[in-house]
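Engineer: My questions will all concern the structure given below.
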Amino acid sequence: MSPDDIKSFSGVFLNKRVLITGHTGFKGAWLTEWLLALGADVHGFSLPPPTTPALFDQLDLAPRLGSRHRIGDIRDRALVRDTVASIRPEFIFHLAAQSLVRHSYREPVETYDTNIMGTVHVLDAARLAANPCAIVAVTTDKCYENKEWLHAYREEDPMGGHDPYSASKGAAELVIQSYRQAFFASAGSPIRLASARAGNVIGGGDWAADRIVPDCIRALVRKEPIPVRNKIATRPWQHVMEPLGGYLWLAVALSGQLPGRFHFPATAYTGAFNFGPHPEANRTVAALVQEILKHWPGQWSDQSDPKAPHEASLLNLAIDKARHLLEWKPVWNFEETVAHTIEWYRIAAEQPSNAGAHTRHQILNYTANAAAKHLPWT
């Protein structure tokens, strides 16, 4: 797959130096693969792959990146500073994080240190490097103070968080806002910074513990009932490529290279953006599992535990801002999202050597679907 196969994002990323923190993770590996397809000069900075198996390894990304694959911890301020100074990236996608709610109960200090101070280190390294750069800092839909209400959260709603993970991401949003206002707000600033908040992403290659889709796949492979902890919890389910497409298009906007029909200045995009699914994709965990079983038959069992750590039971995002300012919208509906996700896992289980090729096929399929819907980045 080459830039000629995916003529999208106005060719903005071709030969551009792009730094992805957290490139060995699930979303980071998908983003790395996509940017390589767009012809970007991709550099990664991350801890080693967090799971076995790992999508990063299934895509064979370490040898493909070579010396541009850097192992490091964003809690190491000096290493982050030196890495950014040596790369001088034109784009930064900051994805590195401790991203698991249940793990945050076990390791709250690690979670706060990684998600808050790690964000500080990345942004301060960019400040010190002072080269022209568009930065998309990724947080989560869980950064909002969740009141368990029916209406969707908007970018101006207050930050909060019951569990350490959610609170750390809310605090990271405050850090991002502070850096934007204190250091990057002047008309002459070479750096433009936005944050991106996505819904619950699913897709092939997520192998994390305590996430419902990987839990489903592990149980189905073993021909065991799927353990479901919180069947009534409602989440905004979306395929991983949906928010990644939003992050990429937001970075184009920050760089000032949107097509001529967009009349807003690049500074109009230096804020927070939600990238969520269509409202109909806000489904319960039980509904997600039942949809999965349509594509991979099996059983599930209710493992609800009233003594389990608190997790939000109702959460969804308003995406009006992304629709109006970026003309971004989801491409796949709930059923398509689940179908493509399970298709990936079945191929990975039955033909492991084809996991990388099928990932690239899904990127091509997704971009073709986006073009058919006349999304502006295609």
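Engineer: Can you name the residue in region 139-164 that is in contact with a Gly (Cβ under 8 Å, 6 or more places away or on another chain) and assigned to a strand (DSSP E or B) and is also least open to solvent (accessible area, probe 1.4 Å) among such residues?
Structural biologist: Looking at the filtered set, the residue picked out is 144.
Condition check ((1) within 30 Å of residue 234 (Cα to Cα); (2) modelled with pLDDT of 95 or more) across all residues:
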| residue | (1), (2) |
| --- | --- |
| 46 | no, yes |
| 49 | yes, yes |
| 67 | no, yes |
| 75 | no, yes |
| 92 | no, yes |
| 99 | yes, no |
| 102 | yes, no |
| 122 | no, yes |
| 135 | no, yes |
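Engineer: Exactly one of these conditions fails for residue 284: (1) at pLDDT below 90; (2) farther than 26 Å from residue 367 by Cα. Give me its number.
Structural biologist: (1)
Engineer: Would you point out the residue of region 334-375, among those that are in contact with a strand residue (DSSP E or B) (Cβ under 9 Å, 6 or more places away or on another chain) and among the hydrophobic types (A, V, I, L, M, F, W, C), that is nearest to residue 276 (Cα to Cα)?
Structural biologist: Ranking the candidates gives 334 first.
Engineer: Within region 244-270, take every residue that is modelled with pLDDT of 90 or more, open to solvent by 10 Å² or more (accessible area, probe 1.4 Å) and among the small types (Gly, Ala, Ser) and give me the one that is nearest to residue 141 (Cα to Cα).
Structural biologist: Checking each candidate, the answer is 268.
Engineer: Just checking, how many residues over region 202-255 are in a helix (DSSP H, G or I) and not aliphatic (A, V, I, L, M)? Spell out the reasoning first.
Structural biologist: Let us first name the residues in region 202-255 that are in a helix (DSSP H, G or I), namely 212-221, 241-254.
Subset that is not aliphatic (A, V, I, L, M): 214-216, 218, 242-243, 245-247, 249.
Looking only at that region, the number is 10.
Engineer: Turning to a different aspect of this structure: With among the aliphatic types (A, V, I, L, M) and closer than 24 Å to residue 146 by Cβ as the only criterion, which of 252, 221, 213 stands out? Before the answer, list the steps.
Structural biologist: Values: 252 fails: closer than 24 Å to residue 146 by Cβ; 221 fails: closer than 24 Å to residue 146 by Cβ.
Unique residue meeting the criteria: 213.
Engineer: Still on this model: Give me a count of the residues in region 185-213 that are within 16 Å of the chain's Cα centre (by Cα) and either surrounded by fewer than 16 Cβ atoms within 10 Å (Cβ to Cβ) or over 21 Å from residue 294 (Cα atoms) (or both).
Structural biologist: 7
Engineer: Now, a different point. Here are 55, 14, 79, 61: which of them is free of Cβ contacts under 8 Å to residues at least 60 places away in the same chain and under 27 Å from residue 345 (Cα atoms)? Spell out the reasoning first.
Structural biologist: Values: 55 fails: free of Cβ contacts under 8 Å to residues at least 60 places away in the same chain; 14 fails: under 27 Å from residue 345 (Cα atoms); 79 fails: under 27 Å from residue 345 (Cα atoms).
Going through 55, 14, 79, 61 in turn, just one is free of Cβ contacts under 8 Å to residues at least 60 places away in the same chain and under 27 Å from residue 345 (Cα atoms): 61.
Engineer: Has region 171-184 got any residue that is among the β-branched types (Val, Ile, Thr), in contact (Cβ under 8 Å) with a residue 12 or more places away in the chain and open to solvent by 10 Å² or more (accessible area, probe 1.4 Å)? Let's see the steps before the verdict.
Structural biologist: First pass over region 171-184, keeping only residues among the β-branched types (Val, Ile, Thr): 175-176.
Still in the running and in contact (Cβ under 8 Å) with a residue 12 or more places away in the chain: 175-176.
Now narrow it down to the ones that are open to solvent by 10 Å² or more (accessible area, probe 1.4 Å): 175.
Yes, the conditions are met somewhere in region 171-184.
Engineer: Is it the case that region 330-348 has a residue that's within 20 Å of residue 140 (Cβ to Cβ) and over 18 Å from the mean Cα position of the chain (by Cα)?
Structural biologist: Taking every residue of region 330-348 in turn, none turns out to be within 20 Å of residue 140 (Cβ to Cβ) and over 18 Å from the mean Cα position of the chain (by Cα).
Engineer: Consider residue 118 against the criteria (1) closer than 27 Å to residue 258 by Cα; (2) small (Gly, Ala, Ser); (3) in a helix (DSSP H, G or I): it satisfies all of them except one. Which criterion is unmet?
Structural biologist: The failed condition is (1).
The values are calculated or read from the model by the stated rules, or taken from the named source; none is laboratory data. None of these values were measured; they are calculated from a predicted model. For neighbour counting, all protein chains shown are included, and Cβ atoms are generated from backbone atoms with ideal geometry for every residue, glycine included. These accessible areas exclude ligands, DNA and RNA; they are computed on the full protein's heavy atoms, side chains included. Shrake-Rupley method; radii C 1.70, N 1.55, O 1.52, S 1.80 Å.
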